[in-house]
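The values are calculated or read from the model by the stated rules, or taken from the named source; none is laboratory data. Just so it is clear, the structure is predicted and the values come from calculations on it, not from any experiment. Note that we place each Cβ from the backbone using ideal geometry, even for glycine, and neighbour counts take in every protein chain shown.
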Amino acid sequence: MSASTNPRNLYRDPQQGKIAGVCAGLADYFGVETWIVRLLAITGLIFAGFITFTAYIAAWFLLDKKPVTLYGENDAEFSDLRMKARSWQAGVTPHQALGRIAKELDTLEPRLQRMEKLVTSKEFNLQREFSKL
């Protein structure tokens with residue numbers, strides 16, 4: 001896929017991060033688990049402390065916070081629904097994700113039935129005709 005059809009932006013992700021979300025944002029950008037980036041950051045602090053610390057602080061101030069999407073991707077209930085792209089990545093299996101979606105649809109079914117019953121009732125049609133007057 002070209003960069004124009006799927007633009008990736010580098011953000012801090014404070015909701016997934018421990019301190020400022022820099023490591024979580026880098027992990028999201030590169031498509032790896034957060035613990036790998038954190039391990040690299042700690043290793044960098046041990047072997048090149050001043051440079052790593054300065055780079056982290058600069059990223060903290062220069063990177064914008066990750067925006068919240070329409071469906072609340074950063075919310076706890078949807079963040080665990082991210083499926084694995086590779087077996088070693090964090091996430092749920094497709095079978096688990098489909099099970100959760102099926103459960104969500106089962107909870108929405110009674111509400112949809114009540115709405116359908118209301119819309120097809122004679123009272124609804126009568127109220128609609130009165131509102132047209």
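Some values worked out for this structure:
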| read-out | value |
| --- | --- |
| Boolean, Thr69 is at pLDDT 80 or above and within 21 Å of Asn9 (Cβ to Cβ) | no |
| Residues within region 93-126 that are of a type in the set (Val, Ile, Thr) and surrounded by 10 or more Cβ atoms within 10 Å (Cβ to Cβ), tallied | 3 |
| Complete set of residues in region 11-25 that are assigned to a helix (DSSP H, G or I) and in contact (Cβ under 8 Å) with a residue 24 or more places away in the chain | Val22, Gly25 |
| Count - residues of region 89-122 that are assigned to a helix (DSSP H, G or I) and either at pLDDT 85 or above or β-branched (Val, Ile, Thr) (or both) | 20 |
| Scope region 26-40; condition among the charged types (D, E, K, R) and not in a loop (DSSP other than H, G, I, E, B); matching residues | Asp28, Arg38 |
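Per-residue answers, yes or no, for (1) modelled with pLDDT under 85; (2) of a type in the set (S, T, N, Q); (3) crowded, with 18+ Cβ neighbours inside 10 Å:
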{"site": "Ser2", "(1), (2), (3)": "yes, yes, no"}
{"site": "Pro14", "(1), (2), (3)": "yes, no, no"}
{"site": "Val22", "(1), (2), (3)": "no, no, yes"}
{"site": "Ile36", "(1), (2), (3)": "no, no, no"}
{"site": "Thr43", "(1), (2), (3)": "no, yes, no"}
{"site": "Thr52", "(1), (2), (3)": "no, yes, no"}
